[in-house]
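Okay, structure first, notes after.
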Amino acid sequence: MKSIASSGSGEELERAFAAMAVKDNPPIPVTQSTADRDRPPLPRQTSTTPRPNDMPNILMAMRKLREGLLGSQRRDHFAQRAYIFIIQASILSRHWESYQPALLYLLHEIHPVTALSPLELQDFAGYRVLDLACRQYELVDAFAVRHAFKLEDRRVSVVLMSLVHDDWVRFWRTKRVVDGYQRAIMDFAVDRMRLHALKCLGRGYLNADKSFIERTGDASWPELVRGGVGWQLQDDGNVMIRKPKTK
C-alpha cells in the first residue's frame, strides 16, 4: 500500500499495480568454491504455499479512507488528492464499486470548493463519460456529462461515436492509444463490441482466415473459443463460419 501511495504520477501508479502480479524473485549471486561446483545440483523445490493477495486489503483501506473523509466533510486539498488516488487505483484494479462513488464526489462536491486543474478536470470528467458509455451503456447520459463539463478529449469522443455506431474497428484502434485508466474503463465494453463484430462476420462470411477473425475480435483464437465461438478451425488456417446452403 505504501509503495502504491508513493507513486508520483499516473504512469508510476500503473506500474506499481502491474508490479503486484506474481513474479519470481531474482536469484541472489553467490560465489561458489571449487568444491561447491563439483557437487551435484540439488533438486529445485517449488513452494506450494499460496501467496497472499493484497488487493482486498488495499481496497478496504481505500474504502475506510474515503468513508473517513466523507464523514468529516473535508473538501480541502488533502481530500482532493486522496480522492484522486482512490479513483486512479480503483480504476486500474477494475473495481467500479470503489471508483464510481469517489468520482462523483470529486466532481460534484470537492471540485466546486477546491478546484481541479483544467487538465485534471478533463481527465476525471472523461473517466465519468467513459464509465457511463462503456460500463453502464448509458450513451445519452454520457453525452450530457460531456456537454456539462465541456469535455474536449478527442479520444473520449471517438470512443463515444464508435459505441453509437457499433464501429468496433475504431473502438479497437482507440483502445490501443489511450492511457491506462481510459483503457481499463473501456474494458467493460470489450465483450459487447466483440460480440457485435463476430455477429457481423457470421452474417457476412461463409469462411475467413483465422488471423482476420482474431483482428476483428481483438483476441487470439483460443480466447475466442473460450468466449463461446463455435466456428470450426481447419488445418489450413481457414475458419469455417457457416456452411453454404445446398440447392
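The values are calculated or read from the model by the stated rules, or taken from the named source; none is laboratory data. If you're wondering where the values come from, they're calculated on a predicted model, not measured in any experiment. Here the Cβ positions follow ideal geometry from the backbone for every residue, glycine too, while neighbour counts run over all protein chains shown.
Pick from 107, 151, 116, 130: which is crowded, with 17+ Cβ neighbours inside 10 Å, within 30 Å of residue 199 (Cα to Cα) and aliphatic (A, V, I, L, M)? Quick ask: steps written out before the conclusion?
Numbers: 107 fails: within 30 Å of residue 199 (Cα to Cα); 151 fails: within 30 Å of residue 199 (Cα to Cα); 116 fails: within 30 Å of residue 199 (Cα to Cα).
Only one candidate qualifies: 130.
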Just checking, which of 173, 128 is of a type in the set (Lys, Arg), in a helix (DSSP H, G or I) and modelled with pLDDT of 95 or more? 128
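Residues are listed down the side, and each one gets a yes or a no for (1) surrounded by 14 or more Cβ atoms within 10 Å (Cβ to Cβ); (2) among the acidic types (Asp, Glu); (3) more than 19 Å from the chain's Cα centre (by Cα):
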| position | (1), (2), (3) |
| --- | --- |
| 164 | no, no, yes |
| 174 | yes, no, no |
| 182 | yes, no, no |
| 204 | no, no, yes |
| 216 | yes, no, yes |
| 231 | yes, no, yes |
